[in-house]
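The values are calculated or read from the model by the stated rules, or taken from the named source; none is laboratory data. Only a predicted model underlies this, so the values are computations on that prediction, with no experimental measurement involved. Don't worry about glycine lacking a Cβ; one is built from the backbone with ideal geometry, like all the others, and counts go over all protein chains shown.
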Amino acid sequence: MEKKITIEDYNPDWVSEFEQEKTRIITVLHGHRLYIEHIGSTSVKGLAAKPVLDLMAGVQHLDEAEAFIQPLRSIGYEFVSHKEFPERRFFRKGQWRAGTHHLHIYEFGSEQWKNQLAFRDYVSAHPEVRKQYQQLKQDLAQVHSNDRARYTKGKAPFIQAVLKEANENRLAFIKKVPRN
């Protein structure tokens, strides 16, 4: 059974929880070159969120993630195959549809990697967008409180619009930077 979707007020402890989990992951995957970022709503100061910590690890090649399955299992992560997302490897800590941590692995610098950071950074930098996103998430959680798939699908148009705006702003900034 799926855990009811709840949106909690921003918790400043999420930052230290990320740092602790990042350390656990780096420790268990010693010898692998990883870039780890805090993503998702818990990474945005002031944004209410589901209390699920999203981490993103960047690797040179997705095939590297195969070697992560056993070590990550030792700290509570389970590999979840998502054929509909061939550009990502996904690990969950906690029960199905009620996880406490999600680890998304992408190729470092890929479009997916950049989009995760662009969304996080844009929502962080724009209080009005952050407020709109929070309201959308709260509304969707109320309407789809027991259906994570519909909750997630309901956020998609907003996320795509924010990514479009973030990328347009980035390109406009790049065009303004003088070249020597």
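Figure legend. Inter-residue proximity from the stretch 73-85: first residues more than 14 Å from L62 (Cα to Cα), second residues part of a helix (DSSP H, G or I), beta-carbon distance below 8 Å, spacing 6+ or different chains. Indicated pairs: S74/V28; I75/R24; I75/I25; I75/V28. Filter the stretch 62-100 down to residues that are of a type in the set (G, A, S) and either outside any helix (DSSP H, G or I) or under 15 Å from the mean Cα position of the chain (by Cα) (or both) and give me whichever is farthest from V44 (Cα to Cα). Top of the filtered list is S74.
Would you please name the residue that is surrounded by the most Cβ atoms within 10 Å (Cβ to Cβ), looking only at residues in the stretch 15-54 that are without any contact (Cβ under 8 Å) to a residue 24 or more places away in the chain and in a loop (DSSP other than H, G, I, E, B)? Per the criteria, the residue is H30.
Here is a list of conditions, (1) outside any helix (DSSP H, G or I); (2) modelled with pLDDT of 95 or more; (3) more than 23 Å from N11 (Cα to Cα), and L103 meets all of them except one; can you say which number that is? Tallying (1) outside any helix (DSSP H, G or I); (2) modelled with pLDDT of 95 or more; (3) more than 23 Å from N11 (Cα to Cα), L103 fails exactly one: (3). When residues in the stretch 56-83 are screened for being more than 20 Å from T100 (Cβ to Cβ) and in contact with a Gly (Cβ under 8 Å, 6 or more places away or on another chain), 1 of them pass.
When only residues in the stretch 55-91 that are at pLDDT 95 or above and basic (K, R) count, which is surrounded by the most Cβ atoms within 10 Å (Cβ to Cβ)? It comes out as R89.
Could you tell me whether G94 is surrounded by 19 or more Cβ atoms within 10 Å (Cβ to Cβ) and modelled with pLDDT under 95? Spelling it out, it is not the case that G94 is surrounded by 19 or more Cβ atoms within 10 Å (Cβ to Cβ) and modelled with pLDDT under 95. Screening the stretch 106-142 for residues that are hydroxyl-bearing (S, T, Y) and outside any helix (DSSP H, G or I) and picking the one that is surrounded by the fewest Cβ atoms within 10 Å (Cβ to Cβ) gives S110.
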